[in-house]
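Student: Got a structure for you, questions after.
Every number here is computed from the coordinates shown, using simple stated rules; none is lab data. Here the structure is a predicted model, which means the values were calculated and not measured. Positions of Cβ are generated from backbone atoms using ideal geometry, with glycine treated the same way; all protein chains shown enter the neighbour counts.
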Amino acid sequence: MEFNFNIEGGNFSHAGAASSEVKKVLKQLNVDVSLIKRIVVALYEAEVNVVAHAYEGMMKVVLSSDFIEVTITDRGPGIPDISLAMKEGYSTASPQVREMGFGAGMGLPNIKKNCDKLEIVSKVNEGTTVKMTTFFS
Amino acid sequence: MDPFYHALQISPKACIGCTHCMTVCPTNAIRICDGLATINEAACVDCGMCLKNCSQHAIFVEQDDFNKIFSFKHRIILIPTVVFGQFSDDVTEEQIFAELHAMGITHVIETDQATGVLTEAIQEYMEKNYFRRPFISAFCPAIVRLIQVRFPSMLSHVIPLKQALDLSALYARKKFIDQGVSEEDIGVFYVTPCAAKIAAIKSPVGEEKSPVDGVINMDFIYNKVQMGITQHRDKPLTPVPEQTYLSPEAIAWTLSEGEVSRFNGRCLAIDEIHNVIDILEKLEDEEISEIDFIELRACDHSCVGGALTINNRFLSIERLRKRMKNNAKNKRSVPDDILQYKSYLKQHSLLSGKVLPRSIEKLDENILVAMAKMEKINRIMNFIPKIDCGACGSPSCRALAQDVVQGKAKLNQCVFIQKVLMRDNLMTPDESIELSERTWGKERFRK
């Protein structure tokens, strides 16, 4: 099963809408509640990353009976040094974004903590693709 | 699992199947069938939204027979402060207490007397279990049930303590037993502002049995007190010895922010069930975090907005605020012997059982079956109109699609689909009427 959601860069008022939709789907599929929580936390972080840093993005959710695989692709500045971005507290968010309560530098580390497999591919000035996989059992 | 007890009932004589209740129900528990609203008992949380929105007064709250109190020698009534908010300023508290005695009650106890002890118990629980933040108050039984059915992942945050209602009932029993009264002579009754509290007493969540013997609806007591005042107008007033003058904080407990004002840290107070759902969604997604304590109440402006209240909720608040001011100013002595029972009540404050999830969201236990059903729902959603008109008897197009895949409804209940089928000569007008009769009842189409 597959679902697609658009993510609008810069529109913080809408940040989290796609992850919330995925949560509703997972609840209907009777996925374990603690697992849903992990997945949604990871998705929310990734969704906010797109809103905060990129111009536009897409969330593609592929569901099977034993895993969920979410691919978030954005058109944006890209990440020059992924290993640096994975460090807790490291952030390139602008002061305006931080004022809104985002950009604490916990995004990618938090995603890694809350999914089973994380792959990040990024090209500077083109965009980033984040692929998260979580197994149901 | 035992089904929920529900106090909300629909009168088949008065219900016209108008859909008002169906569209406001926060758990999509209502469908129209055969011209009548029907409640899905697994989904209903007794919030009372349906009752408040029923234009035909067809939804009512079943109550115990008042005369049941007379089967006990000691007839104790527990009243929330909201009771005082129901009366106009010319009715005094002395009159209310006296009238409660005149109707056969032998002892009146204000439930909110127990809120001081409860505040301490909550505080201690939060300190011991700080890792469970954010703490969600279990004050409102409709909210606890809402979390069970719609937000089971948040259950571990709910504070598993008895509420002021239960603690004051325990206090009442213990007090009389300590005076040498035998257990079977004590009858404890609660005056309720809402349906949810009745459900909480009849089938408590996280408890085997409630310490309350019966429930009396607030509108019933209001009428009885008013009637008594009119009839006893010329008689001298006999003051009631146990009359209480609660502290302003205790009076405020059932109003919005009544709980949060007692705690430090980042606290939020939310009232009205749809507002509560919004916040719970955000909490569940961890869109908001770093919160210590959340007070959640199903009714608009909390208990003064309960389905069984009589007075306008803003006027109730006004009267209760006056009561707070008076009690603060007069500093009259309170017969506050509840403090003698503080350690006893705290010992018994923890719920004996667990608050278990009762998810209504899942399409099937088996994920493969659930996925197949979801795909079917998505296919149906492509060709139904998505205008949520309710003419099929379901609250929304999506709800109809779900009912169809669960075998509870037929897709051709949708009037839009019926029109398409008739255009394509796949359905006759008679067949269409017959289908609609199943939803709206035969009578509707005879007029």
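Student: Taking Cα pairs under 8 Å and at least six residues apart, what relative contact order does chain B come out at, in percent?
Tutor: 22 percent
Student: For B:LYS235, go through the lysines and keep the ones whose alpha-carbon is under 25 Å away, minus same-chain ones fewer than eight residues off.
Tutor: B:LYS224
Student: Continuing with this model, one more query. Tell me the volume per residue, in Å³, of the convex hull enclosing the alpha carbons of the stretch B:259-367.
Tutor: Taking the convex hull of the Cα positions in the stretch B:259-367, it is 203 Å³ per residue.
Student: Based solely on C-alpha atoms, express the radius of gyration and the Dmax of the protein assembly as shown in angstrom.
Tutor: 27.5, 90
Student: Return the aspartates and glutamates within reach of B:LYS68: Cα separation strictly under 15 angstrom, same-chain partners fewer than 8 residues apart disregarded; answer none if there are no such residues.
Tutor: Once the sequence-local aspartates and glutamates are set aside, what remains near B:LYS68 is B:GLU184, B:ASP185, B:ASP213.
Student: Cα-Cα over 22 Å: which of B:LYS386/B:LYS410; A:LYS113/B:LYS362; A:LYS112/B:LYS362; B:LYS162/B:LYS322; B:LYS197/B:LYS325?
Tutor: A:LYS113/B:LYS362; A:LYS112/B:LYS362; B:LYS162/B:LYS322; B:LYS197/B:LYS325
Student: If you don't mind, another one. How big is the dipole moment of chain B about its Cα centre under a simple scheme where the beta carbon of each Lys and Arg is +1, that of each Asp and Glu is -1, and everything else is neutral? Debye, nearest 20, please.
Tutor: Computed charge dipole of chain B: roughly 580 debye.
Student: Divide the volume of the convex hull of the Cα atoms of the stretch B:367-445 by its number of residues and quote the answer in cubic angstrom per residue.
Tutor: Per residue, the Cα convex hull of the stretch B:367-445 comes to 91 Å³.
Student: Compute the distance from the alpha-carbon center of the stretch B:160-218 to that of the stretch A:32-65, in whole Å.
Tutor: Rounded to whole Å, the Cα centres lie 46 Å apart.
Student: Next up: Could you pull out every one of the aspartates and glutamates with an alpha carbon less than 14 Å from that of B:LYS442, ignoring same-chain neighbours closer than 8 positions?
Tutor: Filter leaves B:ASP34, B:ASP430, B:GLU431, B:GLU434.
Student: Toward the positive end of the charge dipole of the stretch A:1-129, about the Cα centre and with charges on Cβ (Lys, Arg +1; Asp, Glu -1), which of A:VAL31, A:GLY78, A:PHE3 goes farthest?
Tutor: A:VAL31
Student: Can you divide the C-alpha Rg of the stretch A:2-135 by 2.2 N^0.38 Å and report the result to two decimal places?
Tutor: Computed over Cα atoms of the stretch A:2-135, the ratio equals 0.98.
Student: Beta carbons within 10 angstrom, averaged per residue: use that to sort the peptides A:88-98, B:242-252, B:220-230, B:195-205, highest first.
Tutor: Highest mean packing first, the order is B:195-205, B:242-252, B:220-230, A:88-98.
Student: What does the convex hull of the Cα atoms of chain B come to per residue, in Å³, rounded to a whole number?
Tutor: Roughly 165 Å³ of hull volume per residue.
Student: Please list, in order along the stretch B:347-358, the HN-Hα scalar couplings obtained from phi with the Karplus expression 6.51 cos²θ - 1.76 cosθ + 1.60 (θ = phi - 60°), rounded to whole Hz, x for Gly and Pro.
Tutor: 4, 9, 7, 6, 5, 6, x, 9, 8, 8, x, 9
Student: For B:CYS33, which sequence-distant residues (separation of 5 or more, or a different chain) have an amide H within less than 5 Å of its own amide H, given hydrogens modelled in the peptide plane?
Tutor: Under 5 Å from the amide H of B:CYS33: B:THR38.
Student: To the nearest 20 debye, what charge dipole does the protein assembly as shown have about its Cα centre, counting +1 at the Cβ of each Lys and Arg and -1 at the Cβ of each Asp and Glu?
Tutor: 480 debye
Student: Over the stretch B:8-61, consider all pairs of different Cα atoms and compute the Kirkwood hydrodynamic radius from their mean reciprocal separation; express it in Å, one decimal.
Tutor: Final number for the Kirkwood radius of the stretch B:8-61 is 10.7 Å.
Student: Right, something else. Remind me, relative contact order of the stretch B:224-316 in percent, using alpha carbon pairs under 8 angstrom and six or more residues apart?
Tutor: Computed value for the stretch B:224-316: 26 percent relative contact order.
Student: Tell me the mean residue ellipticity at 222 nm calculated for chain B from its helices only (DSSP H runs of n ≥ 4, each -39500 (n - 2.57), averaged over every residue, nearest 500).
Tutor: Computed ellipticity for chain B at 222 nm equals -11500 deg cm²/dmol.
Student: Taking 20 °C and 1.002 mPa s as the conditions, I'd like the Stokes-Einstein D for the stretch B:58-198 in µm²/s, using the Kirkwood hydrodynamic radius from alpha carbon pairs.
Tutor: Rounded to a whole number, D works out at 124 µm²/s.
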